[in-house]
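Below: the structure, in structure tokens.
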Amino acid sequence: MNSQPDLNAKMRAILVDWLIEVHRKFELMPESLFLTINIVDRYLSQKPVPRRELQLVGISAMLMACKYEEIWPPEVNDLMAISDNAYSRDQILAMEKAILGELGWYLTVPTPYVFLVRYTKASIPSDDEVNSE
């Protein structure tokens, strides 16, 4: 966030809170939320974003993450409606293109969710371990 002249950490936190609410409303998979936030953070670390476009970055990142992770991703019209039509279809798709270009189309990343699932599985004892005690 230090490279953002018009944004601060509190604004990012507000965006993440809003993205979590959108994620809940659409009943999306956890992977989609983690990937959305990863995309937002990577984009914000590389490109200055005006304050008025922060939510646009968030919904465009969510659109990409959902296309990547979900079987039935929300449509652009759904994302327009959830943001009170603050952005047009063309703006969302243009931001999606800009983010993908800035990130070099690199979306496959290990998010914290992958590790949480693995650690959870590793922490549960197997039946063999339980029976041997």
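The values are calculated or read from the model by the stated rules, or taken from the named source; none is laboratory data. Keep in mind it's a predicted model, so treat the numbers as computed, not measured. Each accessible area value is taken on the protein alone, full model and side chains, heavy atoms only, with ligands, DNA and RNA left out. Shrake-Rupley method; radii C 1.70, N 1.55, O 1.52, S 1.80 Å.
Are any of the pairs K25/K67; K25/K97; K97/K121; K47/K67 more than 27 Å apart by Cα-Cα distance, and if so, which?
Values: K25/K67 17 Å; K25/K97 25 Å; K97/K121 37 Å; K47/K67 23 Å.
Flagged as over cut-off: K97/K121.
The spread of Cα positions in segment 47-133, taken along each principal axis and listed from longest to shortest, comes to 61, 26, 22 Å. A 1.4 Å probe run over segment 5-133, with the rest of the protein chains in place, finds 62 Å² accessible per residue.
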